[in-house]
């Protein structure tokens with residue numbers, strides 16, 4: 001079966017039944033293995049749940065009667081709107097229809113999102129406020145007011161998250177055998193068992209630090225867990241100390257219910273946890289603080305955590321060596337300005353004030369936590385072998401060309417669209433591995449942004465070089481929070497002889513490209529893979545992304561030219577087919593919007609569909625407002641930040657904004673324009689944010705194959721029909737979860753595609 005015969009074409013029946021009571025037609029199978037249902041969450045149950053929150057955000061000021069498209073009331077603050085994205089993640093964690101360990105996963109993601117938000121975005125606003133800068137956002141909200149609004153909304157979310165953990169999730173996990181307990185709840189036998197573990201594994205690496213005139217308050221690293229301890233010396237003197245919890249040990253200690261200290265063995269993550277109690281490392285340390293200070297009485301102790309500014313500037317222009325500059329930056333980032341203090345709720349006031357005074361913090365920076373700190377670190381518990389508490393395992397369908405065995409022959413005949421995770425990332429790996437092994441391949445060029453741990457892509461590139469091929473890897477050192485990993489991969493590849501290019505000064509390389517040059521009977525032939533997602537097999541299992549394999553001469557020539565821009569001194573800015581930031585992405589999108597307006601005025605039925613992660617750029621938002629005023633129907637599927645306000649009479653009443661939050665992270669980007677029945681669709685790496693349009697090398701590629709364009713359109717229609725995992729933004733900036741109306745069919749787009757493509761291994 002060829003790629004163009006993919007069953008997704010049935011997804012079409014698309015909007016499936018959004019309003020049709022009957023089930024969609026069954027697509028033809030494309031795999032050689034039998035297809036079975038995934039058994040994912042029950043759509044009707046999810047759909048029946050009303051979206052009611054106790055922490056609904058306040059509505060935005062009315063924009064009714066506004067006529068000036070530059071009026072700040074027409075734009076939503078990006079930071080505040082981001083919080084509303086994390087609210088939707090929290091909603092998944094609080095949903096009783098979601099399996100318990102999946103709830104915990106979403107809760108961990110929620111907290112991790114907040115960590116990064118404070119480290120990057122809030123720190124940037126703090127810097128603006130301290131520098132006396134005015135607002136740079138289209139809504140013109142001053143930095144101080146942004147910080148106040150952020151705190152108000154975050155406190156509401158944290159209250160909800162903490163209550164859900166304490167009152168619902170934790171008791172439910174305990175009931176189902178995932179027993180996360182306090183030290184005081186253990187049996188005497190278990191405590192005895194832990195004595196050996198503490199004495200042998202933990203005590204030797206703990207380093208208490210005195211705080212006094214001879215020992216100033218220590219520098220606390222970013223997001224580390226620490227104790228501040230008040231001690232009483234034998235002479236009655238009051239003393240203070242700091243103790244950092246080890247970061248190179250599992251935070252979860254699985255304590256058998258039957259063993260004694262004589263049976264001591266190193267403990268870590270138990271595969272199932274059924275026969276163990278689980279305690280936190282910091283809880284065990286707290287119980288043994290006295291052993292660290294002989295002769296002193298521990299009067300009080302508080303666990304705390306700092307979030308620091310990680311949005312530091314790399315002085316690229318002044319750096320002689322970009323690699324060394326990034327290495328220095330990574331070290332500095334651990335000790336940026338303190339942005340947030342998380343501290344246990346209800347602790348000793350004197351100890352709390354001591355900490356706040358020494359850190360010189362303002363009240364808005366302090367967050368008191370009910371329950372465990374650092375719940376972003378709870379993700380390892382998802383690895384427990386408890387399938388009854390998780391979504392059924394999912395494996396994407398192996399692409400047909402992998403089975404057929406010759407990716408180059410298939411790509412020569414027609415373009416191939418991959419849709420992850422519904423189709424396995426094995427297709428991408430097969431393309432790169434075959435390129436590394438094929439004696440006819442003479443060169444491979446690859447961009448790497450986030451490639452993950454133990455990367456098979458990196459290994460394939462090293463193998464290709466060992467086989468004598470010309471291999472070039474463009475490694476982006478400035479991929480936030482992946483700098484160290486990328487440096488390590490780059491150095492390993494360089495040792496193997498791979499030509500390594502470390503990106504641009506002043507620009508991030510965010511494009512996802514792989515170019516293969518192959519010697520064939522009729523001369524040199526180029527093959528290209530262009531993706532919306534990173535070359536990371538792990539994230540490809542949970543992120544939805546599009547990938548295009550093509551041998552189109554113009555596209556391949558463009559990619560060759562772009563690699564020369566990235567690796568050499570080429571200053572090319574115009575391309576045959578590719579749309580490339582920072583030169584043409586904004587102008588191209590704007591031109592297509594204006595063309596759609598012209599087509600609508602001439603023919604009617606104007607239609608635009610955008611699917612991306614963020615919509616922030618004021619120029620594009622204004623153009624969409626103008627298109628809406630002209631009567632063009634605009635559907636926006638925006639996972640994260642959306643600064644556009646839909647549904648404002650006379651301005652955006654032809655625009656809808658939806659957001660899908662579900663099992664998979666929506667990461668694909670597609671920009672579809674009807675153009676009077678001659679549609680244009682662009683897919684690629686670029687979101688509609690100033691940083692993507694002006695500060696990065698991004699690539700969008702037009703989909704030239706009609707069957708693939710149709711396929712993409714049907715998948716977009718399916719998502720627009722989603723009434724289970726979809727949220728709709730109102731003109732007041734608030735999101736409402738879709739519900740299934742009487743007589744409607746429940747449409748869960750992710751569940752439909754998972755069943756459509758998937759199989760349980």
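Full extension of the chain between residue 605 and residue 732 gives 43.0 nm of extra length, using 0.36 nm per residue less the Cα-Cα distance.
Measuring r between the beta carbons of residue 232 and residue 567 and using R0 = 60 Å, the FRET efficiency lands at 0.40.
Of all DSSP-defined beta bridges confined to region 577-700, some 50% are antiparallel rather than parallel. Summary of the geometry: region 607-659 and region 89-142, compared by the centres of their Cα atoms, lie 23 Å apart. Measuring r between the beta carbons of residue 442 and residue 538 and using R0 = 22 Å, the FRET efficiency lands at 0.15.
Enter the angle in degrees (range 0 to 90, nearest 10) between the Cα long axis of helix 585-603 and the first principal axis of the Cα atoms of the chain, meaning the one along which they spread out most. Between the helix axis and the principal axis of the chain, the angle is about 50 degrees. Put in order of Cβ neighbour count within 10 Å, fewest first, the listed residues 174, 524 become 524, 174. Centre-to-centre separation between the Cα atoms of region 554-573 and those of region 531-551: 22 Å. Residue-normalised convex hull volume from the C-alpha trace of region 631-761: 164 Å³ per residue. How many percent of all Cα-Cα pairs in region 171-242 sit more than 21 Å apart? Value for region 171-242 (Cα pairs over 21 Å): 55 percent.
Got the relative contact order for region 400-570 handy, in percent, Cα pairs under 8 Å and 6 or more residues apart? Over region 400-570, the number comes to 29 percent. Full extension of the segment from residue 239 to residue 127, taken as 0.36 nm per residue of separation minus the current Cα-Cα distance, would add 36.9 nm.
Based on Cα contacts under 8 Å between residues 6+ apart, the chain shows a relative contact order of 18 percent. Taking the DSSP beta bridges with both ends in region 400-570, the antiparallel portion is around 70 percent. When the alpha carbon gyration tensor of region 400-570 is reduced to an equivalent ellipsoid, the three semi-axes, largest first, read 23, 19, 16 Å. Note on residue 488 and residue 221: with the Förster distance fixed at 25 Å, the Cβ-Cβ geometry gives a FRET efficiency of about 0.80. The reciprocal of the average 1/r between distinct C-alpha atoms defines the Kirkwood hydrodynamic radius, which for the chain equals 28.2 Å.
Which values, in whole Å and largest first, are the semi-axes of the equivalent ellipsoid of region 76-173 obtained as the square root of 5 times each eigenvalue of the Cα gyration tensor?
31, 11, 11
Against the chain, whose longest principal axis comes from its Cα atoms, helix 100-116 is set at around 90 degrees.
If both residues of a DSSP beta bridge must be in the chain, then about 70% of such bridges are antiparallel. Separation of region 386-460 and region 705-761, taken as the distance between their Cα centroids, equals 26 angstrom. The length gained by stretching the chain between residue 345 and residue 364 to full extension, at 0.36 nm per residue less their Cα-Cα distance, is 5.3 nm.
Rounded to the nearest 10 degrees, the inclination of helix 456-466 to the longest alpha-carbon principal axis of the chain is 70 degrees.
222 nm [θ] for the chain, helices only, -39500 (n - 2.57) per DSSP H run of 4+, per residue, to 500? The partial results should precede the final answer.
Details: 21 runs with 238 residues, N = 761.
The helix-only estimate for the chain comes to -9500 deg cm²/dmol at 222 nm.
All of the numbers you see were taken from the coordinates with simple rules; none came from a lab. Keep in mind that this is a model prediction, so the values were computed, not measured. With ideal geometry, Cβ positions are generated from the backbone for all residues, glycine too; neighbour counts draw on all protein chains shown.
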